[in-house]
Ligand SMILES: Cc1ncc(COP(=O)(O)O)c(C=O)c1O
């Protein structure tokens, strides 16, 4: 966003775009919100969007498109093979990352499937990474490899001043190389590390990991799904890059990595995904699987309209006015909540504002899913849909025991260019009320628990009548107000 100084008030973010198309929102009365979350098995993924006021579940596929993206969609060249649309996208990828080859895929996890199939060549391998993402881990383990998380120690400290909590601990990587080099399938670095609060990695870290991998002949893969926010943080938090353009930073990242994959539901304000590769041999190994799992090489499961939108969206990613809105809104939310002593992940990252459920609901044991309970409670008191990112998002161990998550977070995603500041202020107000009444919130227990990625469609029930008591208190305080 533009550097605007204020007269007579503290700073706040100003949108550098205007709203030309609107979508009406629906805020149900509190009793109906309780009915909706009950119908959804207390899982915010299962809520119907018509019953949601502010959808802060995710930024995935929910970012706002620009007039230029919509216009480009009209120029899409619909053909199964050899579409002009694809070549425009391929050229844009080559321009922004400097990579030679581009293999399209229908979304981020599809890239993870292809990469895991090709690079995990036998069971017992490991994939060192700063931190896992749910679908990444599921794909890597499906092929018999294990994820080794080596994020810097501060990555797991909820309240911190470290500007790059997503960095990979290079000493730990060196140690792993010393003891298990032959088992390393590839090294993965996730930009804007999702599950620890959208925390960025620094360019210095990308460089160090790259140098080590090159020296040791290990493939270095960057998950660039959340790169847009990470680019903003490199430019604003890393001194050596404050005078570089976003285009220069992106190109440098491209030079330092062997493979970049991304979900275009996040990067590029569109939908889809793809794998960008420098080396021909690697590209050829991955390419074999694209027609089998995704579609022909010039669409890979994406619609041509989305590919056109992505091409323009990647161009817009080079514009600080376009990529700074979400991180600045998140920062505003984090600052306001912190000023009220409400525990949130700091420093503010990208992707969303993350409430620390472990501390807010310290009376609920992790086995009763405090982050899931907080997400359900927040929906009841506000109509805001957040996402549990804690123990519920983990998978049971093979022996049936529950691996307790390092962090219990409720993620309130701020999709790019979607919300206005008054909506963010509404969220802050209701979170504050819930925090003051946190003693009323109880735990959850599973009533239906899927074996894989259970958080997506598992169903849960409250472990007491706490939700009815929460609604009663809400009505006492707010009367008939929504
Ligand atoms: C860091 C990261 N990697 C991969 C993915 C998977 O992408 P998709 O949802 O497009 O399959 C996501 C999605 O949230 C993500 O945040």
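Bear in mind these aren't lab numbers, they're just calculated from the coordinates by the rules spelled out. All values reported here derive from a predicted model rather than from experimental measurement. Methodologically, a virtual Cβ is constructed for each residue, glycine included, from the backbone with ideal geometry; neighbour enumeration extends over all protein chains shown.
Of 207, 215, how do they rank once you tally other Cβ atoms within 10 Å and put the fewest first?
The most exposed by this proxy come first: 215, 207.
From Cα pairs below 8 angstrom and at least 6 apart in sequence, can you work out the relative contact order of the chain, rounded to a whole percent?
For the chain, the relative contact order is 22 percent.
Within 10 Å of each residue's Cβ, count the other Cβ atoms and sort 278, 332 from fewest upward.
Least to most surrounded, the residues fall as 278, 332.
On a 0 to 90° scale, report how tilted helix 246-256 is relative to the longest principal axis of the chain, with both axes built from alpha carbons and the result rounded to the nearest 10.
60 degrees
P(r) tail for the chain, what percent of Cα pairs lie past 40 Å?
18 percent
Which values of log₁₀ I(q)/I(0), to two decimal places, follow from the Debye formula for region 387-471 at q = 0.11 Å⁻¹ with a uniform point scatterer at every Cα?
-0.43
Can you give the calculated 222 nm mean residue ellipticity of the chain, where each DSSP H run of n ≥ 4 adds -39,500 (n - 2.57) and the sum is split over every residue, rounded to the nearest 500 deg cm²/dmol?
The helix-only estimate for the chain comes to -12000 deg cm²/dmol at 222 nm.
Among 19, 414, which comes first, then next, by fewest other beta-carbon atoms within 10 Å?
By the 10 Å Cβ count, ascending, the order reads 19, 414.
Please determine, in degrees from 0 to 90 and to the nearest 10, the orientation of helix 108-119 with respect to the longest principal axis defined by the Cα atoms of the chain, where the helix direction is its Cα long axis.
Tilt of helix 108-119: around 40 degrees.
Within 10 Å, count the other beta carbons around each residue, average over each peptide in 243-255, 292-304, and list them highest first.
Sorting 243-255, 292-304 by mean packing, highest first, produces 292-304, 243-255.
If I take R0 = 41 Å and measure r between the Cβ atoms of residue 482 and residue 401 in this structure, what FRET efficiency does the formula 1/(1 + (r/R0)^6) give, to the nearest 0.05?
For R0 = 41 Å, the calculated efficiency reads 0.45.
Rounded to the nearest 0.05, what FRET efficiency is calculated for residue 204 and residue 236 with R0 set to 25 Å and r the Cβ-Cβ distance?
0.95
Could you work out the relative contact order of region 239-282, using alpha carbon pairs under 8 angstrom and six or more residues apart, expressed as a whole percent?
Reported relative contact order: 28 percent.
Can you give the log10 of the normalised intensity I(q)/I(0) at q = 0.08, 0.09 Å⁻¹, computed with Debye over equal Cα scatterers of region 67-319?
Debye intensities relative to I(0), on a log10 scale: -0.29, -0.36.
Set the Förster distance to 22 Å, then compute FRET efficiency between residue 74 and residue 49 from the Cβ-Cβ distance, nearest 0.05.
Using R0 = 22 Å, I get an efficiency of 0.25.
What nm value, rounded to one decimal, do you get for the distance between residue 452 and residue 11 when each label is placed 7 Å out toward the C-beta?
Using points 7 Å along Cα→Cβ, the separation is 4.6 nm.
What nm distance separates the two modelled labels at residue 319 and residue 473, each placed 7 Å from Cα along Cα→Cβ?
Once both label points are built, they end up 4.6 nm from each other.
Taking Cα pairs under 8 Å and at least six residues apart, what relative contact order does region 67-319 come out at, in percent?
31 percent
Going by alpha carbons, how many degrees (0 to 90, nearest 10) lie between the helix axis of 227-237 and the longest principal axis of the chain?
Orientation of helix 227-237: about 80 degrees from the principal axis.
Label points 7 Å out from Cα along the Cβ direction at residue 437 and residue 461: separation in nm?
So the two model labels end up 2.4 nm from each other.
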